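*Asks:* Let me begin by handing over the structure; questions about it come next.
The values are calculated or read from the model by the stated rules, or taken from the named source; none is laboratory data. A quick note: this is a predicted structure, and the numbers were derived from the prediction, not measured. FYI the Cβ positions are ideal-geometry reconstructions off the backbone, even for glycines, and counts take in every protein chain you see.
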Amino acid sequence: MSSRLRQIWALVAQRKMLVMLTLGFSSGLPFVLVDDAFRAWMGRVGLDLRTIGWLGLVTLPYSVKFLWSPVVDRFVPPFWGRRRGWMALMQVALVVVLMAIALLMSFYQGAPLAQRTGWLQGLAIALVVAAFLSATQDIVIDAYRTDVLLERETGMGVGVWVTGYRVALITAGVLGFNLADSWGWPWVYGMLALVLGTMLAATWWAPQESPVAAVPLSLDRAVTAPLQELWQRLGGRKLGLVVAFVVLYRLGDGMVGKMAVPFLQQLQFEDGEIGTIRQGLGLAATVVGTLAGGVALSQWGMNRSLWVFGWLQALSNLSYGALAIAGKNYAWFLVAINVENFCGGLGTAGFLGYLMSLCHPSYSATQYALLSSLFAVGRDVLGSPLAGELAVRSPGGWAGFFMLTTAMALPGLALLPWVTAAEKHQDMDMPD
């Protein structure tokens, strides 16, 4: 084994990296249950594309999680510490709510048509609650990751964390989509809720986070200081460009993700086939892409990585367009899924590394939550409804839709020369 490979292996084998893997899994599992799996369930019970697109807004809490992130920074649970205590609380609550979602899905499917609207509304509310709890867990895990990873560990740490996240998607995809054919989605939700409950052990095992002395002395301070620090470090003009970049950089890729399952279902692929190929082989390609992206990020630096990854994730959407032209073709299905997922993994590694580089360690929970919420605005608030409308209205049908999503990546790429000049935080005295 070469010295470079030995160095990479030694880094990955650290307890810290193994914790990143398990925490990534804990983040990914609830997200796929309120996002991809929910859309698959809506498709199977016969909801139309517009309804599927608008109900994608149940993930809105991921877009606005910065609103309550100062609460997470300010208050410390009475057990397991500042970060791990919040993780444990959210994991327990998520298990309960996901079980409730499974019951509501069963009630909807068994109800007469005249009563289904009410059950669907209740289900949507439960999904919003699950998204809120999951987004809160993400706030804490993101802050924990930003706090404990050294600068030289960032690229690999992000890659390992995203790998755990994608393993959760594979678990919910391959296992969930295949079991849904025979068991039905309500039973799948109940089973995966129990799997999520086992993540409490990983949270307990995680190394202790930053000292409690770093907790802001007031809620007002927890709200204002993170924003003040970003403004002072970046300046108003550059901060505005960074905000636009975070919203736009992965917009096209996010739109593909919102409509991929309905697209594949309209091509007459079965849920089991979608689960095995898209959620299994495709997400395995994402894992490889993310790890490769983490290594490349460490070697190339932020600027070059974001350029290369951004172009590749944009052009990869055209592989779905080729599948739309080919129709139900398994060879093109494999090519499209693996190309798009591998390039998406590269983009994820570079983008998350960029977000972490913008955070000051004193305010990592709130700053990362704010930045990642801005990204979610592009994916959910803009991407989900826009994807549903474009899927219906695009000239050329699905092929035209995927060409438009490729063009959606260009504004974000155009901002790169300005935003990559944003330097990693410097220690500075902030007013109390």
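*Asks:* Being surrounded by fewer than 21 Cβ atoms within 10 Å (Cβ to Cβ), of a type in the set (A, V, I, L, M, F, W, C) and modelled with pLDDT of 80 or more is true for just one of 103, 127, 98, 123. Which residue is that?
*Replies:* Only one candidate passes the filter, namely 103.
*Asks:* With the requirement that a residue be charged (D, E, K, R) and either without any contact (Cβ under 8 Å) to a residue 24 or more places away in the chain or within 21 Å of residue 278 (Cα to Cα) (or both), what does the range 14-47 give you?
*Replies:* Filtering the range 14-47 down to residues charged (D, E, K, R) leaves 15-16, 35-36, 39, 44.
The answer is 35, 36, 39, 44.
*Asks:* Moving on to the next point. Condition first: closer than 21 Å to residue 160 by Cα, touching a Leu at 6+ places or on another chain (Cβ under 6 Å) and among the β-branched types (Val, Ile, Thr). Can you find one or more residues in the range 16-34 that meet it?
*Replies:* Yes - at least one qualifying residue is present in the range 16-34.
*Asks:* Grab the helices (runs of 4 or more DSSP H) fully contained in the range 236-308, keeping just those with 2 or more residues being hydrophobic (A, V, I, L, M, F, W, C) and at pLDDT 80 or above.
*Replies:* Values: elements: 236-248, 251-266, 271-274, 283-300.
In the range 236-308, 236-248, 251-266, 283-300 are the helices (runs of 4 or more DSSP H) which contain 2 or more residues that are hydrophobic (A, V, I, L, M, F, W, C) and at pLDDT 80 or above.
*Asks:* Is it true that residue 322 is touching a Ser or Thr at 6+ places or on another chain (Cβ under 9 Å) and either assigned to a helix (DSSP H, G or I) or among the basic types (Lys, Arg) (or both)?
*Replies:* no
*Asks:* Scan the range 304-316 for residues that are surrounded by 15 or more Cβ atoms within 10 Å (Cβ to Cβ) and either more than 28 Å from residue 401 (Cβ to Cβ) or hydroxyl-bearing (Ser, Thr, Tyr) (or both) and jot them down.
*Replies:* Hits for the range 304-316 are 305, 316.
*Asks:* Look at residue 83 and say whether it is touching a residue at least 12 places away in the same chain (Cβ under 8 Å), surrounded by fewer than 24 Cβ atoms within 10 Å (Cβ to Cβ) and more than 16 Å from the chain's Cα centre (by Cα).
*Replies:* So residue 83 fails the test.
*Asks:* Condition first: of a type in the set (Ser, Thr, Tyr), assigned to a helix (DSSP H, G or I) and farther than 12 Å from residue 37 by Cβ. Now tell me which residues in the range 154-205 satisfy that. So that I can check it myself, show each step before the final result.
*Replies:* If we filter the range 154-205 for residues that are of a type in the set (Ser, Thr, Tyr), which is where we start, we get 154, 163, 165, 171, 182, 189, 198, 203.
In the following step, the residues that additionally are assigned to a helix (DSSP H, G or I) were identified as 154, 163, 165, 171, 182, 189, 203.
Within the range 154-205, 154, 163, 165, 182, 203 meet the criteria.
*Asks:* Okay, moving on. Given the options 330, 363, name the one that is aromatic (Phe, Trp, Tyr), over 16 Å from the mean Cα position of the chain (by Cα) and closer than 22 Å to residue 142 by Cβ.
*Replies:* Working: 330 fails: closer than 22 Å to residue 142 by Cβ.
Criteria check complete, one pass: 363.
*Asks:* Sticking with this structure for a sec: Being crowded, with 17+ Cβ neighbours inside 10 Å, at pLDDT 90 or above, of a type outside the set (Gly, Ala, Ser) and under 25 Å from residue 20 (Cβ atoms): is that true of residue 192 here?
*Replies:* Yes, satisfied.
*Asks:* Another question about this same structure. Among the residues of the range 124-165, how many are within 12 Å of the chain's Cα centre (by Cα), acidic (Asp, Glu) and under 16 Å from residue 207 (Cα atoms)?
*Replies:* So the answer is 1.
*Asks:* Assess whether residue 142 counts as being surrounded by fewer than 22 Cβ atoms within 10 Å (Cβ to Cβ), in contact with a helix residue (DSSP H, G or I) (Cβ under 7 Å, 6 or more places away or on another chain) and in a helix (DSSP H, G or I).
*Replies:* no
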